[in-house]
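I have placed the structure first, in the form of structure tokens, so that the comments after it can refer back to it.
The values are calculated or read from the model by the stated rules, or taken from the named source; none is laboratory data. Here the structure is a predicted model, which means the values were calculated and not measured. Don't worry about glycine lacking a Cβ; one is built from the backbone with ideal geometry, like all the others, and counts go over all protein chains shown.
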Amino acid sequence: MTDRLDRALGAYYGLALGDALGMPTQVMSREEVVRVYGTLTGFEPARPDNPVSAGMPAGSVTDDTDQAVIVGRLLDEGRGRIDPLRLAHELLDWEKEMKAKGSFDLLGPSTKAALDAVARGVPTQEAGKHGTTNGAAMRVTPVGIAFAVDPLDTFLDHVVESCQVTHDTGIGIAGAAAVAAAVSTGVGGGSLDDAVTVAVTAARAGAQRGHWVAGADIASRIEWAWDLALGLPEAEALDRIVALVGTSVASQESVPAAFAVLAVAGGDPWRAALLASNLGGDSDTIGAIAGAVAGSVTGLSGLPPEAVRTLRTVNSLELEPLTARLLTLR
Ligand SMILES: [Mg+2]
């Protein structure tokens, strides 16, 4: 396997790893996570009272992985272009399928509102003008696999195509740009430090795209969250991330939280994903982002093989063919 393919697979499977480890603790408070699980040390099934992931067995991925696969498939089918209306319909079809399966893991708030608007006939350029939550950042990893981050303006055009219909705001795009740029840097052979540096630059530039919405600056908060968490013992880091960075679905909280987790874990995908799972809040998305970035740097060979086997078996996940096709766009 080439180093580039290994890193690209590391990003995609790293996303799935963080998603599945965080699945049981999503929408729980950190106190509740500690009370119920103590410290999570591996895949756990969801408890029946979890309002989003009830019924999911240990190792199950959620909307983060499902939607990142949809974006990847559309990029592949469109030879690098994503038609916003097609993306809207694919996401709506996905939700219909989830509902039919009795799942409570449905579309997030920005995506839901935007797609309802599209269904009402609002043009795709208008539908996403209020979307600031992390749905674009959670599904953008395939853009980072398929495209080099340089030149940044062209790269951001691709990021925007994957965001616009649901998250056409400076905040939504900045969060997605940070994640995509970090993954692209890792896939391109960069170190974790390189990935974080480029993520900050891309978030800063991405914040200039889309509709302006009031909210804290994601680039500055990534730098701040990284410094805040770096070098802290794990339990203290988790408490600080919850109290100060925040673990909500807001992009300006969960995206910096993922980078803070990466700082504590020293870029180790398994550690980073586990730390995220112990946060609670939007733990699956924070884990998915941290896992994708870490995996893009370490490659698939940096993920525990047993965990990857679990992800493949539980979810019938087979990301190799799609990942190889995405790399042909690069
Ligand atoms: Mg999720």
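Have a look at 46, 54, 68, 88 and point out the one that is within 15 Å of the ligand (Cβ to nearest atom), closer than 21 Å to residue 144 by Cα and surrounded by 15 or more Cβ atoms within 10 Å (Cβ to Cβ).
From the options 46, 54, 68, 88, the qualifying one is 68.
Yes or no, residue by residue, for (1) of a type in the set (Asp, Glu); (2) in a loop (DSSP other than H, G, I, E, B); (3) under 30 Å from residue 328 (Cα atoms):
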{"residue": "5", "(1), (2), (3)": "no, no, yes"}
{"residue": "18", "(1), (2), (3)": "no, no, yes"}
{"residue": "24", "(1), (2), (3)": "no, no, no"}
{"residue": "28", "(1), (2), (3)": "no, yes, no"}
{"residue": "53", "(1), (2), (3)": "no, yes, no"}
{"residue": "65", "(1), (2), (3)": "no, no, yes"}
{"residue": "73", "(1), (2), (3)": "no, no, yes"}
{"residue": "80", "(1), (2), (3)": "no, yes, yes"}
{"residue": "89", "(1), (2), (3)": "no, no, yes"}
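I'd like the residue in region 16-39 that is buried (at least 22 other Cβ atoms within 10 Å of the Cβ) and more than 12 Å from the ligand (Cβ to nearest atom) and, out of all such residues, is nearest to residue 176 (Cα to Cα).
Taking the candidates together, the pick is 17.
For region 91-124, how many residues are more than 23 Å from residue 144 (Cβ to Cβ), within 16 Å of the ligand (Cβ to nearest atom) and assigned to a loop (DSSP other than H, G, I, E, B)?
Qualifying residue count for the region: 5.
Within the group 280, 267, which residue is outside any helix (DSSP H, G or I), crowded, with 24+ Cβ neighbours inside 10 Å and either away from the ligand (no atom under 16 Å from the Cβ) or touching a residue at least 24 places away in the same chain (Cβ under 8 Å) (or both)?
280
Between a first residue in region 62-73 that is of a type in the set (Val, Ile, Thr) and at pLDDT 95 or above and a second residue that is assigned to a helix (DSSP H, G or I) and away from the ligand (no atom under 13 Å from the Cβ), which pairs have beta carbons less than 6 Å apart while being 6 or more apart in sequence or on different chains?
70/90; 71/142; 71/162
Any idea which residue in region 134-156 is surrounded by the most Cβ atoms within 10 Å (Cβ to Cβ), counting only those that are outside any helix (DSSP H, G or I) and within 16 Å of the ligand (Cβ to nearest atom)?
Ranking the candidates gives 134 first.
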